[in-house]
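Quick notes on the structure that follows.
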Amino acid sequence: MSPSEIPADPLAPRATPDDAVLLTARGIRKSFGDNEVLRSIDLEVRRGEVVVLIGPSGSGKTTVLRSLNGLETPDAGILSFDGGPDLDFAAKVTKQGRLAMRDRSAMVFQQHNLFPHMTVLENVIEGPVRVQRVPKAQAIADAEALLERVGLAEKRDAYPFALSGGQQQRVGIVRALALKPDLLLFDEPTSALDPELVGEVLKVIKELADEGWTMVVVTHELGFARQVADEVLFMDGGVVVERGAPGSMFTNPREARTRQFLDRIL
Ligand code: ADP
């Protein structure tokens, strides 16, 4: 078989751990009416890196994630993937540019957002088939491999209501993986789960991190953050107050605001 005939492994992340910068965000600003929610956010994510955003509720973490994949349009700032053409939000961003950005990442939400009237398999292939025009047989084969990967192969034909919250969220993760994004975005992926279901979802995310997926994760699970994060950003009031490796930030934060937050949560 020549290399071009070898089928792409649907389980393999497109990113491999190296030093190349995948995503650069500079000076991202966003207001909702008078509420200035992001006040110039800078962020750099290298391929294979896991960046974790922590901070109090309302500090702007979700808005950062949504800005990275085009669910929110920043008022100003620059985004670029792979050092490619910049999207400059202070200038006019074309629809084409926005859609190209959206394709680079896939988001896992706090609530899994599965379509209730579709089976697990139908939920997973919906994006690839309808949006990305992947042939259905290929999308099904990829989906089955991914479901197997998270231990849900036998739930292929089940409807979301028949699954536990943890299983639903694992399907949510598979749905994001099926889009074969460069970047996975997780928005508090376990905060809607009963405590006994949190572990199974964090385990899957950790495995993906270990496999080299590039991700930005918003979470309050600091033990998990310490395990997976290459870099932690502590946000408060729409700014990044402090950033660094989790070990040093959690044991010895530089900023008083970080310390106060960690004291409350740890
Ligand atoms: P976090 O994820 O840190 O809890 P968010 O990014 O969700 O913070 O929210 C930051 C602020 O932006 C909050 O004050 C929130 O009420 C406000 N906000 C977020 N989304 C919207 C929206 N679509 N319309 C108006 N205000 C919003």
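The values are calculated or read from the model by the stated rules, or taken from the named source; none is laboratory data. Computed from a prediction, not measured in an experiment: that's the story for all the values here. Quick reminder, even Gly has a Cβ in these numbers, built from the backbone with ideal geometry, and neighbours come from all protein chains shown.
Take GLN96 and decide whether it is within 13 Å of the ligand (Cβ to nearest atom) and of a type in the set (S, T, N, Q).
On the way: within 13 Å of the ligand (Cβ to nearest atom): no; of a type in the set (S, T, N, Q): yes.
No.
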Kindly establish whether LEU99 is of a type outside the set (Asp, Glu) and surrounded by 18 or more Cβ atoms within 10 Å (Cβ to Cβ). no
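Kindly indicate which of LEU147, LEU208 is more than 30 Å from ARG243 (Cβ to Cβ), touching a residue at least 12 places away in the same chain (Cβ under 8 Å) and in a helix (DSSP H, G or I). Reasoning before the result, please.
Details: LEU208 fails: more than 30 Å from ARG243 (Cβ to Cβ).
Of the residues listed, the single one that is more than 30 Å from ARG243 (Cβ to Cβ), touching a residue at least 12 places away in the same chain (Cβ under 8 Å) and in a helix (DSSP H, G or I) is LEU147.
Find the residue count for the range 34-81, including only residues that are among the small types (Gly, Ala, Ser) and near the ligand (Cβ under 7 Å from one of its atoms).
Keep residues of the range 34-81 that are among the small types (Gly, Ala, Ser), which gives 40, 48, 55, 57-60, 67, 70, 76-77, 80.
Adding the requirement that they be near the ligand (Cβ under 7 Å from one of its atoms) leaves 55, 57-60.
Summing the residues that are among the small types (Gly, Ala, Ser) and near the ligand (Cβ under 7 Å from one of its atoms) in the range 34-81 gives 5.
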Matching residues, the range 81-96, being in contact with a helix residue (DSSP H, G or I) (Cβ under 9 Å, 6 or more places away or on another chain) and either within 12 Å of ILE28 (Cβ to Cβ) or crowded, with 20+ Cβ neighbours inside 10 Å (or both): PHE81, LEU87, PHE89
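Name the residue that is surrounded by the fewest Cβ atoms within 10 Å (Cβ to Cβ), counting only residues in the range 214-253 that are more than 16 Å from the ligand (Cβ to nearest atom) and part of a loop (DSSP other than H, G, I, E, B).
Kept after step one, since they are more than 16 Å from the ligand (Cβ to nearest atom), are these residues of the range 214-253: 214-215, 223-224, 226-231, 244-253.
Checking which are part of a loop (DSSP other than H, G, I, E, B) leaves us with 229-230, 245, 252-253.
On the way: ALA229: 26, ASP230: 16, ALA245: 12, ASN252: 10, PRO253: 20.
Only one residue fits best here, namely ASN252.
Would you check if there is a residue in the range 137-144 being in a helix (DSSP H, G or I), modelled with pLDDT of 95 or more and within 13 Å of the ligand (Cβ to nearest atom)? Don't jump to the end; show me each part of the working.
Going residue by residue through the range 137-144, those that are in a helix (DSSP H, G or I) are 137-144.
Among the residues that remain, those that are also modelled with pLDDT of 95 or more are: 137-144.
When the remaining residues are screened for being within 13 Å of the ligand (Cβ to nearest atom), the result is none.
No, every residue in the range 137-144 fails to be in a helix (DSSP H, G or I), modelled with pLDDT of 95 or more and within 13 Å of the ligand (Cβ to nearest atom).
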Can you find even one residue in the range 121-128 that is within 16 Å of the ligand (Cβ to nearest atom) and crowded, with 20+ Cβ neighbours inside 10 Å? no
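Name every residue in the range 20-33 that is among the small types (Gly, Ala, Ser) and either within 8 Å of the ligand (Cβ to nearest atom) or farther than 22 Å from LYS206 by Cα (or both), in order of residue number. If you could, list the steps in order and put the result at the bottom.
Filtering the range 20-33 for residues among the small types (Gly, Ala, Ser) gives 20, 25, 27, 31, 33.
Result: ALA25, GLY27, SER31, GLY33.
Per-residue answers, yes or no, for (1) touching a Ser or Thr at 6+ places or on another chain (Cβ under 9 Å); (2) under 21 Å from THR24 (Cβ atoms); (3) not aliphatic (A, V, I, L, M):
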{"residue": "GLU207", "(1), (2), (3)": "no, no, yes"}
{"residue": "VAL217", "(1), (2), (3)": "no, yes, no"}
{"residue": "VAL239", "(1), (2), (3)": "yes, yes, no"}
{"residue": "ARG243", "(1), (2), (3)": "no, yes, yes"}
{"residue": "ALA256", "(1), (2), (3)": "no, no, no"}
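For (1) buried (at least 22 other Cβ atoms within 10 Å of the Cβ); (2) out of contact with any helix residue (DSSP H, G or I) (no Cβ under 8 Å at 6 or more places or on another chain); (3) within 24 Å of LEU266 (Cβ to Cβ), each residue gets a yes or a no:
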residue: THR190; (1), (2), (3): yes, no, yes
residue: GLU196; (1), (2), (3): no, yes, yes
residue: VAL201; (1), (2), (3): yes, no, yes
residue: GLU207; (1), (2), (3): no, yes, no
residue: GLY212; (1), (2), (3): no, yes, no
Can you confirm whether the range 56-69 contains a residue that is among the hydrophobic types (A, V, I, L, M, F, W, C), under 23 Å from LEU222 (Cα atoms) and part of a strand (DSSP E or B)? no
Filter result (more than 16 Å from the ligand (Cβ to nearest atom) and among the small types (Gly, Ala, Ser)) within the range 180-213: GLY199, ALA209, GLY212
